[in-house]
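S.K.: Quick one: structure below, then a few questions.
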Amino acid sequence: MSPRPPLPPGPYLIVGLARSGRAAAALLHARGHEVLALDGAPRERLKGLDELPPPVEVHAGTDGVALLERVRAVVKSPGVPQTAPVVAAARERGLPVFGELELAWRCVPNEVIAVTGTNGKTTTTELLGHLHRTAGVPVDVVGNVGTAYASLALAERDERAVVVCECSSFQLEDTISFAPECAVLLNLESDHLDRHGSIEAYHQAKLKVFAHQGNDDVAVAPEGLGVVDLGGCARRVCVGDSPEAELSLRADTLWWDSEPLLRVEELALRGPHNVRNAMAAAAAALARGLPIDAVRQGLTTFAGVPHRLEEVARRDGITYVNDSKATNVAAALVGLASFEQPVHAILGGIGKGEDYRPLRPAVQRHCRAVYLIGEEAGAIRSALDGLEGIPLHDSGDLATAVRSARADARPGDVVLLSPACASYDQFENFEVRGEAFREAART
């Protein structure tokens, strides 16, 4: 394992005080740096400020540009756009600007498996954690999945533990030297165009996960993406359907390096998309030396994560499925295609600049009705208007949508929350939205 680069000299300005920003501030303070912390929201709307050490100087409700006179480096939270005035001004002044992912990687010496892709990141990250635990290998699961990576620097940890880190495009675009010992790319589709500006820029942010890897590292990716031409020196491990792929799917059986691993029907995860997630996780685990028997056992005992095709209730013969984590069109398409039964789909939320017309064939094939909520209800209605025999209901909010779907559904039907949108117009995050759906379904 190559030594990590040192941190630039402080003082530091933390921009954004959500979970990762607070963890970054605490880490830098613990290392003896002077830390200023900034968030554009008013102080009364900020949560968790009591988690910050008292010497951290908090500035809220301001753009913070004037604070740059007092610092020598900036740590940007992933939710803060590149166009934020303080970020743009810092770069104009030549100050180092990087994210919590880069900071934590430099400060936590444990080996890292980084997982990215448009969809399936959380499931695959948690599955990799499960595979390591099944094999008796200590592991920490962090990143976009929930626990801030930087928090590991302040906790007692096993030096042998592998860090499995879910990495979003927002986190990866703020890296400088980040070089995980294993990088996993699940897929590349369309997402976050409102933030990145183009699908090309979004894809380039994702592919930064490979950019600085060395000869002893591992890069796992699907066949057909041309990853071999995208920088980095890692050993490539392909996942796909051809015999040339190191982890391949042939005749409903997963194969690792010409040896059968297990049949698809033995996987505990549900749906064809999760077969691909399981293949990527298994490829990463096996390429890094986990015993094949432990990987096989882990794949047959891991059933998934909350908010991703999670069955939350069955009432009067109707199944309620929480897919709140489906925050883009590609993820919603996966959700809709996961059921043979008629689906009452709840769609909508706050948009990411995506085209909703690709939903039309899946809605026509799988849905009995659609219930539209949130800011994007009108845009989704326009994209789906005219589908034969599929009523579109303007429900407004989630609770109304669940009530309407329950009234319309018949025994054997599925009520599915797979919104194709982010949640921030009506909920704090997709987890809160999923919990609201769970409560509405059960009551």
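S.K.: Restricting the first residue to the stretch 421-442 and requiring it to be touching a residue at least 60 places away in the same chain (Cβ under 8 Å), which pairs with a second residue that is part of a loop (DSSP other than H, G, I, E, B) and among the aromatic types (Phe, Trp, Tyr) meet a Cβ separation below 8 Å and a spacing of at least six or different chains?
M.R.: From the stretch 421-442, the pairs are Arg433/Phe427.
S.K.: With a cut-off of at least 2 residues that are in contact with a Cys (Cβ under 7 Å, 6 or more places away or on another chain), within 28 Å of Arg276 (Cβ to Cβ) and touching a residue at least 40 places away in the same chain (Cβ under 8 Å), name the strands (runs of 3 or more DSSP E) lying wholly within the stretch 98-174.
M.R.: Output list reads 112-116.
S.K.: Considering the stretch 111-161 alone, what residues qualify as being more than 26 Å from Val75 (Cβ to Cβ), charged (D, E, K, R) and under 12 Å from the mean Cα position of the chain (by Cα)?
M.R.: Residue satisfying the conditions is Glu126 alone.
S.K.: Give me the residue from the stretch 294-317 that is surrounded by 20 or more Cβ atoms within 10 Å (Cβ to Cβ) and of a type outside the set (Lys, Arg) and, out of that set, nearest to Pro361 (Cα to Cα).
M.R.: For the stretch 294-317, the residue satisfying everything is Leu309.
S.K.: Which residue pairs have Cβ atoms closer than 9 Å, lie 6 or more positions apart in sequence or on different chains, and pair a first residue in the stretch 276-298 that is farther than 17 Å from Asn119 by Cα with a second residue that is of a type in the set (Asp, Glu)?
M.R.: That search, which allows pairs on different chains as well, returns Ala283/Glu246; Leu286/Glu246; Leu286/Asp257; Ala287/Glu246; Arg288/Glu111; Arg288/Glu181; Ile292/Glu259; Arg296/Glu266.
S.K.: Out of the residues in the stretch 113-137 that are under 19 Å from Ala221 (Cα atoms) and among the aliphatic types (A, V, I, L, M), state the one that is surrounded by the most Cβ atoms within 10 Å (Cβ to Cβ).
M.R.: Result: Val115.
S.K.: For the stretch 356-371, what are the residues that are within 24 Å of the chain's Cα centre (by Cα) and without any contact (Cβ under 8 Å) to a residue 60 or more places away in the chain? Spell out the reasoning first.
M.R.: Initially, the stretch 356-371 is screened for residues within 24 Å of the chain's Cα centre (by Cα), giving 356-359, 362.
Arg357, Pro358, Ala362, listed by residue number.
S.K.: Scan the stretch 5-40 for residues that are out of contact with any Pro (no Cβ under 7 Å at 6 or more places or on another chain), touching a residue at least 24 places away in the same chain (Cβ under 8 Å) and assigned to a loop (DSSP other than H, G, I, E, B) and report the count.
M.R.: 11
S.K.: Can you spot a residue in the stretch 257-269 that is under 18 Å from Ala221 (Cβ atoms) and surrounded by 19 or more Cβ atoms within 10 Å (Cβ to Cβ)?
M.R.: Taking every residue of the stretch 257-269 in turn, none turns out to be under 18 Å from Ala221 (Cβ atoms) and surrounded by 19 or more Cβ atoms within 10 Å (Cβ to Cβ).
S.K.: Could you please find all residues in the stretch 417-429 being buried (at least 23 other Cβ atoms within 10 Å of the Cβ), under 16 Å from the mean Cα position of the chain (by Cα) and not in a loop (DSSP other than H, G, I, E, B)?
M.R.: none
S.K.: Which of (1) out of contact with any Ser or Thr (no Cβ under 8 Å at 6 or more places or on another chain); (2) surrounded by 20 or more Cβ atoms within 10 Å (Cβ to Cβ); (3) in the same structural domain as Glu354 (by TED's automatic domain parsing); (4) not β-branched (Val, Ile, Thr) is the odd one out, the single condition Gly335 does not satisfy?
M.R.: (1)
S.K.: Yes or no: Ser169 of a type in the set (Ser, Thr, Tyr), in contact with a Lys or Arg (Cβ under 9 Å, 6 or more places away or on another chain) and either surrounded by fewer than 23 Cβ atoms within 10 Å (Cβ to Cβ) or assigned by TED's automatic domain parsing to the domain that holds Asn187 (or both)? Give the steps one after another, and end with the answer.
M.R.: Details: of a type in the set (Ser, Thr, Tyr): yes; in contact with a Lys or Arg (Cβ under 9 Å, 6 or more places away or on another chain): yes; either surrounded by fewer than 23 Cβ atoms within 10 Å (Cβ to Cβ) or assigned by TED's automatic domain parsing to the domain that holds Asn187 (or both): yes.
So Ser169 passes the test.
S.K.: Return the residues of the stretch 42-68 that are under 19 Å from Val86 (Cβ atoms) and basic (Lys, Arg); say none if nothing qualifies.
M.R.: Those that are under 19 Å from Val86 (Cβ atoms) and basic (Lys, Arg): Arg43, Arg45.
S.K.: Continuing with this model, one more query. Would you mind finding the one in Gly94, Gly79 that is touching a residue at least 40 places away in the same chain (Cβ under 8 Å) and part of a loop (DSSP other than H, G, I, E, B)? Give the steps one after another, and end with the answer.
M.R.: Numbers: Gly94 fails: touching a residue at least 40 places away in the same chain (Cβ under 8 Å).
Just a single option satisfies the conditions, and that option is Gly79.
S.K.: Still on this structure: Restricting to the stretch 355-398, count the residues that are of a type in the set (Val, Ile, Thr) and outside any helix (DSSP H, G or I).
M.R.: Within the stretch 355-398, residues that are of a type in the set (Val, Ile, Thr) and outside any helix (DSSP H, G or I) number 3.
S.K.: Sticking with this structure for a sec: Any chance the stretch 350-367 includes a residue that's touching a Phe, Trp or Tyr at 6+ places or on another chain (Cβ under 7 Å) and either surrounded by fewer than 20 Cβ atoms within 10 Å (Cβ to Cβ) or in the same structural domain as Ser198 (by TED's automatic domain parsing) (or both)?
M.R.: yes
The values are calculated or read from the model by the stated rules, or taken from the named source; none is laboratory data. What you see is a predicted model, and the numbers here were worked out from it, not measured in a lab. Using ideal geometry, Cβ is built from the backbone for each residue, glycine included, and neighbour counts are taken over all protein chains shown.
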